[in-house]
Amino acid sequence: MTVQSPALGAFSRVLFIAGTLACLGLGVIALYTSGLGLLDPKLHRAGGFALALVAGVAAARRKRLDTVRTDRDLGRDAPPPRHGAELLHAVIDIAMLLAGLWSIWSFLQVQTLMETALYDVSTRDAWPALAGLAVFLELCRRLWGWGLFSVGALAVLYLLFGQDLPGILAHSGFGLDEVAENLWYNTNKGVFGSITNIVLATVFIFIIFGALLEGTGAGDTLLKFAFLATRRTRGGPAHAAILASSLFGTMSGSTVANIVGTGTFTIPTIKKRGFSPTFAAGIEATASSGGQIMPPIMGAAALVMADLTGAGYLNIIIAALVPALFYYFSLFCAVTVEARRQGIEVQPLKTEDRITRIDLINSVLFLGPIATVIAALLMGLSTSSAGFYATVILVALSVINPEVRRDPMRLWRSFIGGSAAGASLLIAIAAIGILVGSLDSTGLGLKLANVIGAIRGDSLFSALLVAMIGALVLGMGMPTLPAYLIIILVMGPAIQALGLSMLTAHMFVFYYGVASSLTPPVAIAAYAAAPIAGANPLMTALMSFRLGMAKFIIPFIFVYYPTLLIVEEFHLGAFVWIVLRSGLCIWLFSSALSAHDRGRLTAVEVGLRFVAAFMCLIASPAIHLPAIAAGVALILFDLRRVPAPTPYKEAR
C-alpha cells in the first residue's frame with residue numbers, strides 16, 4: 001500500500017503551491033494596509049479569510065501527511081493509509097475549499113446589498129453561512145485541536161437550541177436566518193466582526209515582523225548577549241534563558257515559537273551546567289510564556305487589548321512594564337535559589353560564548369527595529385504603521401548579516417512562514433468570532449457577571465479568585481490571543497462590575513490567559529519544552545507551574561495597587577513603597593517554594609516565609625509593617641546561619 005497515488009501526490013503539490021501563494025497574498029495585503037493604503041473593510045475581511053482558507057487547508061493537509069510520514073519512519077504500529085481513505089480526504093479538502101469560498105462570496109453579496117438598500121437576511125442566505133461556519137470550525141479542529149473547535153461548535157449549538165436549557169442559560173430562541181446574521185453576515189460581531197478587523201489591520205504585520213526577526217538571525221545574536229550578561233551568575237544559562245526569552249518573546253508573540261527559537265540553545269546548556277532536565281525545560285517554558293507580557297511589543301494579545309480598551313498601544317506598554325519586570329525578577333530569584341540548592345557554582349566564560357565583531361554588528365538587527373517601533377509610537381503613528389516601518393527597517397538592515405547575504409531566501413521563507421502563522425491565527429479567530437456573536441446575541445456574559453456578583457457578595461478578593469479560576473480553565477490548551485479573548489468575553493463583564501477600570505480588568509485577564517499555558521494538566525508551554533530537554537511532560541508542567549507561581553500573584557497586586565500600572569492613579573510615594581514590598585514578597589515566596597535560601601529551610605521557616613510574603617501585600621500598615629519586619633528578620637537569620645560563598649574570579 002502506498003501513502004499517495006501519483007494523482008493524489010499531484011493534488012497535494014498543487015494545494016501546497018496554492019497555499020504558498022495564499023500566504024504571499026496575505027503578507028502583501030498586510031504590508032499594504034499597514035503602511036501604504038486602505039482596503040474596503042468587507043473586501044479586506046472577505047479576502048483575508050478566503051486566502052486563510054486556502055492556506056489553512058494546505059497546512060492541514062501537510063500536517064496530516066507529515067504525521068503519517070513520521071509514524072512510518074518511527075516504525076509505529078499503525079496500518080498504512082489506503083488509497084480509498086486518501087482519496088476521501090482529498091475530496092473533503094476540495095469540498096471544504098468550494099464550500100468556504102461559496103460562503104465568503106455570499107458574505108460579500110449580502111454586505112453589498114446591505115450597503116445599498118434595506119436588506120434582511122433570509123433563510124436562503126443561511127445555508128452558505130452554516131456551510132462557512134462548519135468549514136472554518138473543522139479547519140480550526142485540524143489546526144488548533146479540539147479545544148478551540150469545541151468552543152465554537154458549542155456557541156453555534158447554543159444559539160440554535162439554547163432556548164430549551166434551564167435557568168440563566170435559556171434564551172429567547174433564534175431561527176436559522178438570525179443565527180446566520182449574528183455569526184456570519186455581521187461586521188461588528190461573528191466571524192467577520194471587529195476582532196477579525198483588529199487581527200488583519202494591526203496584528204498581522206507584527207506576526208510577519210516577528211518571523212522576519214527570527215529569520216534574519218537577530219535571535220541568535222540576542223541569545224549570545226544574554227549569555228554574556230549573565231555569565232557571573234550562579235544560574236548562568238538558566239538566567240540567560242530568562243533574559244533571552246523575555247526579549248525574544250516580546251518580538252515573536254508566541255510561547256511555542258519562543259520555546260523553539262531559544263530553547264533549542266538554552267535547554268542543553270542549562271542541563272550541561274548541572275540542572276535537571278525537568279528544571280531546564282520548566283524554566284524555559286516559564287520564561288518563554290512571559291515574553292508576551294514583556295514590553296515593548298508583547299505579541300498579538302496586547303495589540304488587540306489596545307483596540308478593545310481604547311487605551312492606546314503606548315499606554316498598554318507602559319502599564320505592562322512593572323508587572324512584567326516583577327515576573328522576570330521572580331524567575332531570576334527561582335533560578336538563584338535552585339542553583340544554591342543544587343550547589344551549582346559560577347563557571348568561566350568559554351571562548352565560543354564571547355561576543356565577536358559580527359555579533360556587535362548583528363545587534364543592530366534587533367535594536368534598530370525595536371527603536372523604530374518605540375519612535376513611531378511616540379511620534380503618534382498608528383500601531384500598524386509602527387509595525388510596517390519596523391519591518392521595512394529590519395529587511396533593509398538584514399544585509400549586514402553574512403548569513404543572510406549567503407542565503408537571501410531566508411527572508412522569503414521567514415515572510416511566508418509569518419504569513420502562514422497569521423493565516424492559522426485567522427482560522428482560530430473565526431471560532432472566537434462565533435463565540436463573540438453567540439455571547440453578544442444571548443447576553444450570556446452579563447448573566448454570568450450577575451452570578452459571579454451573587455457568589456462574591458461584598459468580597460473583591462473572592463470575586464477575583466473566582467475570575468482567576470474561570471480564566472485558567474477557559475484558557476487551558478489555547479494560544480494566548482484566543483485564550484485572552486475567550487476569557488475577557490466571558491469573565492470581563494463580571495470583573496468590571498467589581499469597580500475595576502477597563503484597563504485593569506483586561507490586564508488581569510491577560511495575565512491569566514498567559515498563565516494558562518503553564519497550568520497543568522494541559523500546560524502547552526511545558527509540553528513544547530519537555531521533548532527538547534528529554535524530560536517528562538507532566539513533571540515539566542508541574543515544575544513550570546511552581547516556577548511561574550508569581551504570575552498568579554502579580555495580577556492581584558496591581559488590582560489592589562493600580563499605581564503599579566503607572567498610567568492610572570500614579571503616585572510616586574505609593575509606587576515606590578509597593579515596589580519594595582512586592583520585591584520582598586517575591587523573594588520570600590520563591591525561597592519558600594524551594595525550601596531553600598542560602599541554606600535549607602526548615603518547615604517552620606517555609607511556613608513563616610509564606611505567611612510573611614502574603615501579609616506584606618495587605619493594605620493595612622498594622623499588618624504589612626510587622627510582616628515586612630518578620631520577612632527581613634527571616635532573611636537575616638538565614639544570612640547569619642549560612643556564610644556567603646566565595647565569589648568566582650575570572651582568570652586574567
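The values are calculated or read from the model by the stated rules, or taken from the named source; none is laboratory data. This structure is a prediction, so every number in the text was calculated from the model and none was measured. Glycine gets a Cβ as well: all are built from the backbone with ideal geometry, and neighbour counts include every protein chain shown. Note: areas computed on protein heavy atoms with side chains; ligands, DNA, RNA excluded. Shrake-Rupley method; radii C 1.70, N 1.55, O 1.52, S 1.80 Å.
Scanning region 22-50 for residues that are closer than 23 Å to residue 106 by Cα and open to solvent by 50 Å² or more (accessible area, probe 1.4 Å) yields 38, 39, 40, 41, 43.
Across region 399-412, the number of residues qualifying as of a type outside the set (D, E, K, R) and either at pLDDT 90 or above or open to solvent by 60 Å² or more (accessible area, probe 1.4 Å) (or both) comes to 5.
Conditions (1) touching an Asp or Glu at 6+ places or on another chain (Cβ under 8 Å); (2) part of a loop (DSSP other than H, G, I, E, B); (3) loosely packed, with under 15 Cβ neighbours inside 10 Å; (4) modelled with pLDDT of 85 or more, marked per residue:
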{"site": "326", "(1), (2), (3), (4)": "no, no, no, yes"}
{"site": "329", "(1), (2), (3), (4)": "no, no, no, yes"}
{"site": "334", "(1), (2), (3), (4)": "no, no, no, yes"}
{"site": "338", "(1), (2), (3), (4)": "no, no, no, no"}
{"site": "375", "(1), (2), (3), (4)": "no, no, yes, yes"}
{"site": "384", "(1), (2), (3), (4)": "no, no, no, yes"}
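Report, by residue number, each residue of region 298-318 that is aliphatic (A, V, I, L, M), under 21 Å from residue 489 (Cα atoms) and open to solvent by less than 50 Å² (accessible area, probe 1.4 Å). Residues satisfying the conditions are 298, 300, 301, 302, 303, 304, 305, 306, 311, 316. The set of residues in region 144-162 that are farther than 24 Å from residue 63 by Cβ and aromatic (Phe, Trp, Tyr) comprises 158, 161.
When residue 421 is tested against the conditions (1) closer than 26 Å to residue 518 by Cβ; (2) over 17 Å from the mean Cα position of the chain (by Cα), the lone failure is (2).
Taking the conditions (1) part of a helix (DSSP H, G or I); (2) under 20 Å from residue 335 (Cα atoms) in turn, residue 598 satisfies each one other than (1). Return the pairs, sorted by first residue and then second, in which the second residue is open to solvent by less than 30 Å² (accessible area, probe 1.4 Å) and among the charged types (D, E, K, R), the first residue lies in region 496-525 and is more than 16 Å from residue 300 (Cβ to Cβ), the beta carbons are less than 6 Å apart, and the residues are 6+ apart or on different chains. Matching pairs, first to second residue: 515/551.
Filtering region 99-122 to residues that are assigned to a helix (DSSP H, G or I), open to solvent by 70 Å² or more (accessible area, probe 1.4 Å) and farther than 21 Å from residue 152 by Cα leaves 105, 109, 113, 115, 116. Quick one: count up the residues across region 290-300 that are more than 17 Å from residue 558 (Cβ to Cβ) and touching a Leu at 6+ places or on another chain (Cβ under 6 Å). Qualifying residue count for the region: 1.
It is to be established whether one or more residues within region 566-586 are of a type in the set (S, T, N, Q), at pLDDT 90 or above and in contact with a helix residue (DSSP H, G or I) (Cβ under 7 Å, 6 or more places away or on another chain). Yes - at least one qualifying residue is present in region 566-586.
With the condition kept exactly as written, say whether any residue in region 539-558 is surrounded by fewer than 20 Cβ atoms within 10 Å (Cβ to Cβ) and more than 26 Å from the chain's Cα centre (by Cα). No, the conditions are met nowhere in region 539-558. If you go through region 156-172 and keep only what is in contact with a Leu (Cβ under 7 Å, 6 or more places away or on another chain) and at pLDDT below 90, you end up with just 162. Does region 440-449 include one or more residues that are open to solvent by less than 20 Å² (accessible area, probe 1.4 Å), more than 13 Å from residue 193 (Cα to Cα), assigned to a helix (DSSP H, G or I) and among the aliphatic types (A, V, I, L, M)? Yes.
For region 274-290, residues that are farther than 10 Å from residue 529 by Cα, among the hydroxyl-bearing types (Ser, Thr, Tyr) and open to solvent by 10 Å² or more (accessible area, probe 1.4 Å) total 1.
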